[in-house]
Amino acid sequence: MGKPLAGIGVLVTRPETQARNLSELIVQAGGTPVAFPALEIRAPADPSALQHSLGQLASFDWLIFISPTAVEQSLAWLGGAAALSAGPRLAAVGKGTLRALARHGIANAIAPEGGADSEALLDMAPLRQVEAQRILIVRGEGGREWLAETLRQRGAEVSYAECYRRVRPDADPAALLERWARGEIAAVTVTSSESLDNLYAMLGANGRVLLESTPMFAIHPRIADEAGARGVKQVVVAGPSDEALLQGLIDWFKDER
């Protein structure tokens, strides 16, 4: 069987702790993953609010995990999945987050069949009627408020357990830009709006020119819209998973060859 990404260098901007699976998939397809994390995951600056929220799990009706990172970081604070065994009902934003829970032996969470965003989760029947229910959203510091706002409009009491923070890495892009200028970067993957913002800031003026002229593969239309508004000429919405990103890359370069 041929290698559909043979000779293709792909910039992987996921945080270092999350990049392994996508990089391995690219290698299996014959491509060359080039790691340049545009986000770094760190512990909360002040964990006291998080510790208070996690210490009150039994008082919540729902626990909603925003991302795989939210799963990993919260379970580290909780000391493992056993802490959830007799707690609230569990929900995940997307299949990737659901798989992260499953890796810890947690099989009773719900997630939307289609889509991997707050909109898809809120369309699920169990979360349409939440009046007077207490909901804890597990996420990183900051981010969209739309999920919490909508749940409050539906009558729920909503709190956050912010179990990590995302920061812009302090990385020198010089070596990357040299490779890029030599034609070794043929595609860019971006998995969050914050990563896109950081990437622009980290690459500088010369790097932005290269970024805007390189096909970009995003996991959500919102990210694609932001990239297009910044001047990226070719943006593909590949889907919310690493496998979808890989397929988007394969389809694109199959048509280009």
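The values are calculated or read from the model by the stated rules, or taken from the named source; none is laboratory data. Just so we're clear, the structure is a prediction, and the values are computed from it rather than from any experiment. We place every Cβ from the backbone using ideal geometry, glycine too, and count neighbours over all the protein chains shown.
Summary table below
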quantity	calculated
Residue in region 77-96 that is surrounded by the fewest Cβ atoms within 10 Å (Cβ to Cβ), counting only those that are among the hydrophobic types (A, V, I, L, M, F, W, C) and either touching a Cys at 6+ places or on another chain (Cβ under 8 Å) or assigned to a loop (DSSP other than H, G, I, E, B) (or both)	86
Where a residue in region 197-212 is over 11 Å from residue 13 (Cβ atoms) and assigned by TED's automatic domain parsing to the domain that holds residue 35 and its partner, wherever it lies, is among the aliphatic types (A, V, I, L, M) and surrounded by fewer than 20 Cβ atoms within 10 Å (Cβ to Cβ), with Cβ under 6 Å and at least six apart	207/177
Failed item in (1) outside the structural domain of residue 144 (by TED's automatic domain parsing); (2) touching a Lys or Arg at 6+ places or on another chain (Cβ under 7 Å); (3) surrounded by fewer than 20 Cβ atoms within 10 Å (Cβ to Cβ); (4) not basic (Lys, Arg), with residue 16 passing the rest	(2)
Verdict on residue 85 being farther than 30 Å from residue 184 by Cα and touching a residue at least 40 places away in the same chain (Cβ under 8 Å)	no
Qualifying helices (runs of 4 or more DSSP H) (wholly inside region 110-189; at least 2 residues being in the same structural domain as residue 214 (by TED's automatic domain parsing) and either crowded, with 21+ Cβ neighbours inside 10 Å or touching a residue at least 24 places away in the same chain (Cβ under 8 Å) (or both))	174-181
Subset tally (residues that are at pLDDT 90 or above and not charged (D, E, K, R)) for region 84-101	9
Of all residues making up region 97-109, the number that are part of a helix (DSSP H, G or I) and either crowded, with 18+ Cβ neighbours inside 10 Å or in contact with a strand residue (DSSP E or B) (Cβ under 6 Å, 6 or more places away or on another chain) (or both)	4
Residue match in region 8-15 (condition: closer than 19 Å to residue 158 by Cα, assigned to a strand (DSSP E or B) and under 22 Å from the mean Cα position of the chain (by Cα))	no
Residue match in region 47-70 (condition: in a strand (DSSP E or B), among the β-branched types (Val, Ile, Thr) and touching a residue at least 40 places away in the same chain (Cβ under 8 Å))	yes
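Residue by residue, here is whether (1) in a loop (DSSP other than H, G, I, E, B); (2) small (Gly, Ala, Ser); (3) buried (at least 18 other Cβ atoms within 10 Å of the Cβ) holds:
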{"site": "225", "(1), (2), (3)": "no, no, no"}
{"site": "228", "(1), (2), (3)": "no, yes, no"}
{"site": "243", "(1), (2), (3)": "no, no, no"}
{"site": "248", "(1), (2), (3)": "no, yes, yes"}
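Yes/no per residue for (1) more than 14 Å from the chain's Cα centre (by Cα); (2) surrounded by 19 or more Cβ atoms within 10 Å (Cβ to Cβ):
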residue	(1), (2)
39	no, yes
43	yes, no
49	yes, no
53	yes, yes
63	yes, yes
68	no, yes
75	yes, yes
